[in-house]
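Notes to accompany the following structure.
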Amino acid sequence: MVEGLKRISDYKWELSTDYKAGMRVPGIVFADEELLNLAMRDKALEQVANVAFLPGIVYGSLAMPDLHWGYGFPIGGVAAFSEDGVVSPGGVGFDISCGVRLVKTNLEEGDVRPGLRGLLALMASNVPKGLGKRGSIKTPEQLLRKVFTGGARAVLDMGYGRQEDLECTEWGGSYPGAGPDRVSPRAYERGKDQLGTLGSGNHFVEVQVVEKVLLPEVAGEFGLHEGQVTVMIHSGSRGVGHQICTDYLQVMDHAVKRMGIEIPDRQLACAPLGSKEASDYMAALACAGNYAIGNRQALMHWVRHSFERHFKSSERQLGMDLLYDISHNIARMETHEVDGKRMELCVHRKGATASFPPGHPDLPPAFKEVGQPVIIPGDMGTHSYVLVGSETAMRESFGSTCHGAGRAMSRSKAKKTISGSELRARLESEGIIVMSEKDSLLAEEAPEAYKDVSRVVDICEGAGLSRKVAMLKPMGVLKG
Amino acid sequence: MRFKTIEHTADIGIEVEADTLGELFEGTAAAMFSLMVDPETVRKTVERELSLEAGDLEELLFIWLNELLFIVDAEGLLFSGFEVKNVGDSRLLATTSGEKINPERHKFLEEIKAATYHEMTVERQDSGWKARVIFDV
């Protein structure tokens, strides 16, 4: 066991401030022994400790059970900063507002299975994916400004989607506080033809079936039942987010030097909340968040369009309602209670998902009574989950839970040890059809390269951070 | 120039060694592109001049690699030739050559979102230079 690490309860560990000189608060890791051991094989704990150095950090540097080594913040990292604290672009990452949305249907597995290959081929031709692919939606500067401020609302105005979609998207479809003037010309340049594109890596569109309902009351409220087909979309802000993060890392790097802020890793560059650097970044961050939500809105349109053509029916008749859209790489101002005191905090979630309980003020009316849907993309060979937010998360993790399975094996090792074509055949034998640009990219995303997502969500439930509502099994996967 | 990849759970890193600082910058760019696509398949039909400024060598490397990634994304260009004409602590002047992405000939190995500052180093060694970069993929 690591010096300075002690068990607090079954699923909670504390990394004392003695672990590394300079930590302002302890690290708090939600994990069981096995997941903790996985995290200790790389530099994830070191990164938990590094985040604890940042000025104004409140309560602890937190890590969700899918914790693993990232760059700057660990993946699965959550940290909140008081108003005299900082914001750090490295606490959000390059794929700003990367996230997931889940689209429901009124189709059953038997309706979709027979023609699945054709449906996937149709989606593959409609959804631009992979490296260097341009989208068919062009957004010159004036239009892009609208997307930066309006998010899904702006994309809806362009004719992609319907009004109800906005009610089932975080912030009603647009992040507040966007400042399109705080976005560099380079980010505008990158964003001009990437709206409605999937990208590569771990991003996907997946046709799934609800295999098991685990919390019937909540599943009923969410409109989910066993045997039902759903579609999950996982993508982010594409080149816009990458550029905004790159730009502001440099801005913050200069700020840190000028202000004499000591940080243990240059990727953790930050600036005090309220400073020009921080305010500019927050305004640009909201633009990237809006681009990401808008991107998933456009992707959903192509998915609906593909279903319409395949089933020769309208998407409304097919019941293709959005359950929810949520980001897992984001920083935003939220109200939390710390030691009995209400505080305005800048909460960073780097590979972590908001998990708000019933009654939370940020929830749309549809979820006020039942709590927030938490959508957890798994790897393509196992399962994905729908969870619901909890009151305990508000006390324990600034209203946060995990974001996925979390990687366990490096990409290069996965490529060396797993054959993409064998993997494809194995998945097909399990009833999962995968369409991807390249076998080696497929191998990187193999189930064995990831932690067991079921274990991750079980620990979240054991720690009280969220409750399992439904388990979804992939039927067909579209990879970038 | 010699380079090896660094094992990282979620992302990919490189360690590059070269005799001169100029070759080090050329080498890191060549290594980065070799993670994305087979360099043999990228013809040198277009050139770009890059003139970059920074406060120190790490920042210069950060800007250099991210500037190239910007061009890939914004202009759809891939590069296989890198010639550093002048490099110091605060300035880099370089010419790169490559061509437009052609999906028929260019089979992508990996998408690189950005070069990060995490554990980035540029160091002078007994003989030559060494750099370390972790990419977000």
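Per-structure values
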{"quantity": "C-alpha long axis of helix A:420-429 to longest principal axis of chain A, angle in °", "calculated": "60"}
{"quantity": "Which of B:25, A:311 has the fewest Cβ neighbours within 10 Å, and the rest in rising order", "calculated": "A:311, B:25"}
{"quantity": "Contact order normalised by residue count of segment A:264-391, Cα under 8 Å, 6+ apart, percent", "calculated": "14"}
{"quantity": "Taking A:96, A:433 and counting other C-beta atoms within 10 Å, the order from fewest to most", "calculated": "A:433, A:96"}
{"quantity": "Distance-filtered residues of segment A:278-322 - backbone nitrogen under 15 Å, label point 7 angstrom along residue A:111 Cα→Cβ", "calculated": "A:304-322"}
{"quantity": "Positive minus negative residues near residue B:90 (Lys, Arg vs Asp, Glu; Cβ under 11 Å)", "calculated": "-3"}
{"quantity": "Proxy reagent accessibility, fewest Cβ within 10 Å first, across A:360, A:403", "calculated": "A:360, A:403"}
{"quantity": "Cβ charges +1 (Lys, Arg) and -1 (Asp, Glu), total dipole of segment A:354-480, debye", "calculated": "280"}
{"quantity": "With at most 14 neighbouring Cβ atoms within 10 Å, loop trypsin sites (Lys or Arg not before Pro) (DSSP) excluded, longest segment of chain A", "calculated": "A:163-311"}
{"quantity": "Efficiency of FRET from Cβ geometry, residue A:6 and residue A:41, R₀ 25 Å, rounded to 0.05", "calculated": "0.80"}
{"quantity": "Around residue A:279: net Lys/Arg minus Asp/Glu count, Cβ-Cβ under 13 Å", "calculated": "-2"}
{"quantity": "Residues residue B:41 and residue A:413, FRET efficiency given R0 of 41 Å [Cβ-Cβ distance, rounded to 0.05]", "calculated": "0.95"}
{"quantity": "Under the Karplus curve 6.51 cos²θ - 1.76 cosθ + 1.60, θ = phi - 60°, whole-Hz ³J(HN,Hα) for segment A:460-468, x wherever Gly or Pro sits", "calculated": "4, 5, x, 7, x, 7, 6, 10, 6"}
{"quantity": "Long-range HN-HN contacts of residue A:12 with modeled amide H, under 5 Å", "calculated": "A:31"}
{"quantity": "0 to 90° range, to nearest 10: angle between helix A:141-150 axis and chain A longest Cα axis", "calculated": "70"}
{"quantity": "Three-way shape label, segment A:373-417, alpha-carbon gyration tensor, a/c 1.5", "calculated": "oblate"}
{"quantity": "For residue A:338, distant residues with modelled amide H under 5 Å away", "calculated": "A:343"}
{"quantity": "Around residue A:202: net Lys/Arg minus Asp/Glu count, Cβ-Cβ under 9 Å", "calculated": "-1"}
{"quantity": "Per-residue HN-Hα couplings for segment A:290-296 [Karplus 6.51, -1.76, 1.60; θ = phi - 60°; Hz; x = Gly/Pro]", "calculated": "5, 5, 5, 5, x, 4, 5"}
{"quantity": "Folded to 0 to 90 degrees: helix B:21-36 orientation relative to chain B principal axis, Cα", "calculated": "40"}
{"quantity": "Residue (of A:386, A:404, A:372) at the positive-pole extreme of segment A:361-411, dipole from beta-carbon charges", "calculated": "A:404"}
{"quantity": "Calculated FRET efficiency for the pair residue A:163/residue B:102, C-beta based, R₀ 41 Å, to 0.05", "calculated": "0.45"}
{"quantity": "Gyration tensor (alpha-carbon) shape descriptor, segment A:1-98, a/c threshold 1.5", "calculated": "oblate"}
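Just so you know, all these numbers are worked out from the coordinates, no wet-lab data involved. In this text, all values refer to a predicted model and were calculated from it rather than measured experimentally. Methodologically, a virtual Cβ is constructed for each residue, glycine included, from the backbone with ideal geometry; neighbour enumeration extends over all protein chains shown.
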